[in-house]
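The values are calculated or read from the model by the stated rules, or taken from the named source; none is laboratory data. Computed from a predicted structure; not experimentally measured. With ideal geometry, Cβ positions are generated from the backbone for all residues, glycine too; neighbour counts draw on all protein chains shown. What goes into the accessible areas is simple: the full protein's heavy atoms, side chains included, and nothing from ligands, DNA or RNA. Shrake-Rupley method; radii C 1.70, N 1.55, O 1.52, S 1.80 Å.
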Amino acid sequence: MHSRMFRNGVVTGTVTLALALGGVAVTGGAAQAAGASADREVSSQCQQARKDLSKAKKQLRKAKRADNAAKVRKAKKRVKAEKRDVRTACAPAPVTQETVLEQVQQGSLALDGLDLNGLTAVLPPEAAGAIQALIAQLQAGLDGIGGQAQVPGLDTAQLEALLAAVQAMDPAGVAAALQGLLGELTAIGGGPEAMATLIQLLQGGLPTGDLPIAGIPQLEDLIGQLTAQLGGLGGGLDLTNPAAVQAAIAQFIGTIEAISGNVGGDSAPWLGALTEMVDQLGALGALVPGGAGSGAILQQVISGLLFFAQPGVDPLGQLQGILDGGGLAGILDLIGLGDLLGGLLG
């Protein structure tokens, strides 16, 4: 609404100028349109530069996990180069009332487009509640800044302070990161209920055993970090302190991107198999996917399967073979977990 009011004022002024100066305003209008097109191009370049930087950081994390010194050096150089590109592509434009309002509007639209119901379904209740509180706080901050930007007589310093506050909050970045996380979590297969069970498993502790589950320990740690950070953010951010807000939001976004990279990386095959296991255990009546305690039952099943797995053979391959063969019920009986069938939660 605010940006529409501003544009209406520009249109009215342009028409008046055109009538008075016999069409001189047409040139001004064309210049304004060209400027808007240039702004869009710069914005697009900035977004692409940020995506490239995010991808480079993921490659660096992967190289560090692999403990490959040569790849780490190469990845660090790429991250450094991508950071330079971001600084160039995302250099701030001159501050005007319109630029402030456009930033506010973009942030509001990004937050409005968030699938909060989807995130609530796959994340722990405390994390989902804190995310909703954070989004509400960011939206309130944007509304407040948008209202101030409409006050007549704002000087350049005030506009710059307002724009700095919007950029520090980075609502569009928060929305994009959360949407990316939701997409990664749901793309591995299974429904939100299966993912919620896996989150329960990760929060309750990984199953014991000698066989490694690639990527899952790192994901467990990242989920814990996210929940802890959300607890701090949900407690309230001082929106009058841009530096503090920027630091908190940047850390929050970084953790979300790390989770997305992990889910799309080493842990992806295991997560896909585990969601399939949740679905099959639900169909057998051994658990209620997403229900209270379903994560503990999943941990019991995984621990049993890992304990009886053949040594020296890929545990993921064995697990996938059991699931693909449709013999999960028989395996549960063989390893002494047949009492799970019939629905302990039901």
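Quick notes on this one:
- Considering L182, L142, L206, the condition of being open to solvent by less than 60 Å² (accessible area, probe 1.4 Å) and over 30 Å from D221 (Cβ atoms) is satisfied by L142 alone.
- Among the residues examined, E257 does not qualify as in contact (Cβ under 8 Å) with a residue 60 or more places away in the chain, over 24 Å from Q132 (Cα atoms) and open to solvent by 30 Å² or more (accessible area, probe 1.4 Å).
- Condition met for E102 (among the acidic types (D, E) and exposed (fewer than 14 other Cβ atoms within 10 Å of the Cβ)): no
- In region 130-153, the residues that are more than 14 Å from G173 (Cβ to Cβ) reach residues that are open to solvent by 10 Å² or more (accessible area, probe 1.4 Å) and of a type in the set (F, W, Y) with C-beta atoms within less than 9 angstrom, at least six apart or across chains, in these pairs: A149/F6; Q150/F6.
- When region 243-253 is filtered for residues that are open to solvent by less than 30 Å² (accessible area, probe 1.4 Å) and within 17 Å of the chain's Cα centre (by Cα), the ones remaining, listed by number, are A248, I249, F252, I253.
- Region 284-321: number of residues that are without any contact (Cβ under 8 Å) to a residue 40 or more places away in the chain, among the β-branched types (V, I, T) and surrounded by 18 or more Cβ atoms within 10 Å (Cβ to Cβ): 1
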